[in-house]
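Notes follow once the structure below has been shown.
The values are calculated or read from the model by the stated rules, or taken from the named source; none is laboratory data. The structure presented is a predicted model; accordingly, all values stated were derived computationally and were not measured. Every residue, glycine as well, gets a Cβ built from its backbone with ideal geometry; the counts of neighbours run over all protein chains shown.
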Amino acid sequence: DAKTTQPTSMDCAEGRAANLPCNHSTISGNEYVYWYRQIHSQGPQYIIHGLKNNETNEMASLIITEDRKSSTLILPHATLRDTAVYYCIVRLGRGNAGNMLTFGGGTRLMVKP
Amino acid sequence: GAVVSQHPSWVICKSGTSVKIECRSLDFQATTMFWYRQFPKQSLMLMATSNEGSKATYEQGVEKDKFLINHASLTLSTLTVTSAHPEDSSFYICSARPPGGNQPQHFGDGTRLSIL
């Protein structure tokens with residue numbers, strides 16, 4: 001799996017958009033970008049994933065640069081409950097090789113009132 | 001959506017006890033499940049890959065005789081920490097992926113193991 005680089009921590013004001021960056025400059029053409037978050041003392045929660053195109057769901061938006069070397073997870077209106085560690089993971093999407101996830105340090109997002 | 005259930009949530013037991021943790025995929029079948037361990041203020045570390053009907057694959061440095069994995073059905077994998085000691089105290093988390101396409105992994109809520 002391609003290595004990812006994320007800032008260690010970020011703050012965001014409640015109600016504002018939270019933009020979490022991730023660098024994955026060694027990503028290969030068939031690797032997807034996945035985002036998970038982990039709220040304290042819980043298992044990781046899947047947020048969103050994408051290959052090339054930008055993606056949006058009820059939780060967040062994922063913006064992937066044209067060269068695919070970086071991406072940004074956007075929480076449009078952050079709430080206090082969005083305080084968590086956010087993990088950006090790059091892996092193959094299909095087959096057994098794509099099952100395993102390798103977690104880096106993630107970004108600790110603190111949403112403040 | 002896909003749900004992975006883990007039981008128990010908390011375990012506190014004496015040193016030398018063996019502890020079994022269950023991981024179930026509630027609405028899909030999983031031929032492969034994964035077990036992770038997380039120490040305080042650290043990221044998740046993959047311990048082993050559980051394979052239905054065959055032996056588990058362990059990551060380097062993880063003792064297979066210490067952490068017994070059984071994947072007897074397509075919806076259940078168990079991790080048994082044998083003769084647990086205080087250094088085995090950790091947060092254990094399982095995951096599984098629904099079949100088909102590029103479905104994401106789904107995680108259980110984890111088991112907090114405290115060995116006294």
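The listed residues are B:S83, B:S43, and the only one of them that is part of a loop (DSSP other than H, G, I, E, B), within 11 Å of another protein chain (Cβ to nearest Cβ), of a type in the set (G, A, S) and in contact with a Gly (Cβ under 7 Å, 6 or more places away or on another chain) turns out to be B:S43. Looking at this structure, is A:H24 within 14 Å of chain B (Cβ to nearest Cβ) and surrounded by 16 or more Cβ atoms within 10 Å (Cβ to Cβ)? When the stated conditions are applied, A:H24 does not pass them. Looking at segment B:16-36, is at least one residue over 22 Å from A:H40 (Cβ atoms), among the aliphatic types (A, V, I, L, M), within 12 Å of chain A (Cβ to nearest Cβ) and part of a loop (DSSP other than H, G, I, E, B)? The answer is yes; a qualifying residue exists.
A single entry from B:I69, B:I93 fulfils the requirement of being in contact with a Pro (Cβ under 8 Å, 6 or more places away or on another chain), more than 17 Å from B:Q29 (Cα to Cα) and in a strand (DSSP E or B): B:I93. If you take the residues of segment B:104-116 that are crowded, with 18+ Cβ neighbours inside 10 Å and of a type outside the set (G, A, S), which of them is farthest from the other protein chains (Cβ to nearest Cβ)? That would be B:I115.
Across segment A:28-53, the qualifying residues are those that are of a type in the set (S, T, N, Q) and either more than 9 Å from every other protein chain (Cβ to nearest Cβ) or surrounded by 22 or more Cβ atoms within 10 Å (Cβ to Cβ) (or both), and the one among them that is farthest from B:I93 (Cα to Cα) is A:N53. State whether the residues of segment A:10-18 include one that is at pLDDT below 95, over 28 Å from B:H7 (Cα atoms) and either surrounded by fewer than 13 Cβ atoms within 10 Å (Cβ to Cβ) or not basic (K, R) (or both). Taking every residue of segment A:10-18 in turn, none turns out to be at pLDDT below 95, over 28 Å from B:H7 (Cα atoms) and either surrounded by fewer than 13 Cβ atoms within 10 Å (Cβ to Cβ) or not basic (K, R) (or both).
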